[in-house]
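Report on the following structure.
Laboratory data are not the source of any read-out in this text; all were calculated from the coordinates shown. Since we're looking at a predicted model, the values are computed, not measured. Positions of Cβ are backbone-derived with ideal geometry, glycine not excepted, and every protein chain shown enters the neighbour counts.
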């Protein structure tokens, strides 16, 4: 059980780190992953005042994710997202409307990635509710604001020099699924025959996936290009505005699996109406350093 919860925390930490790095490059780090049987302990010692954003699981079970960051940390994160070295008013008692909007966007995308990481560990899609944002001035009020679950995972973080944490409130149903998935994976790998060196590869330097991994759903998308700009500029874009991307029209597009670039290809039209991608080059993942977690919000139907 502890192994399953720790794996969940580690996967979620990696997903959240990838998202936050997009908004505050080189200003984010993750720390220890700790598991608890009393969720109140996961909230103990929360610095206040703090901003908290939570989402609930809508999978017929109790639980969800709660992200907490100090008020100064939220203000610093918003400044970084808007391309500023420091907040406009570092002594303000509350976040401005623009700061709250910027931080909410970062947290929304981080929560989506956290849910996606949970889905991968469970082997089943996890649906979450609309995020809810609260401000807390008392540490005692934090734990009381969220439902009690049999298990909790705390992921320590540092964002823009300020402490933060993600608390995952985990129901028993999730622990059973995770433990079962890990047991199945371990037994299948242990029972697989030894493969001689050089066999079992797909000819591109990567090993064929183990059967135990074959049923895990992954997200695959194609990226035409990227643009980086301050949030203040984004919210001011009028209808019809043109945003210049970092690639030329005839450049190859990148294909990603769960946030990691694995191939490049070209857009093609199928049956005269549908877009598709023809893969031209599969990257050697042992040398590919261009990886990052997905930050775009996915349709709820995914």
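When only C-alpha pairs under 8 Å and at least 6 residues apart count, what is the relative contact order of the range 42-140, in percent? All intermediate terms of the calculation are to be shown ahead of the outcome.
Numbers: 125 pairs, mean separation 43.0, N = 99.
Relative contact order here is 43 percent.
Express the relative contact order of the range 2-174 as a whole percentage, based on alpha carbon pairs under 8 Å and six or more residues apart in sequence. Let's see the in-between values first.
Values: 331 pairs, mean separation 68.5, N = 173.
Once divided by the residue count of the range 2-174, the mean separation gives 40 percent.
Based on the alpha carbons, how large is the Rg to Rh ratio for the range 2-174 when Rh follows Kirkwood? Walk me through the numbers before you get to the answer.
Working: Rg = 15.1 Å, Rh = 16.0 Å.
Ratio of gyration radius to Kirkwood radius for the range 2-174: 0.95.
Quick one: work out Rg over Rh on the C-alpha atoms of the range 19-100, Rh as Kirkwood radius.
Numbers: Rg = 15.1 Å, Rh = 14.8 Å.
Across the range 19-100, the Cα-based Rg/Rh ratio is 1.02.
Taking Cα centroids, how far is the range 130-160 from the range 10-83 in Å?
9
For a footprinting-style exposure proxy, rank 154, 75 by other Cβ within 10 Å, fewest first.
Lowest to highest Cβ neighbour count: 154, 75.
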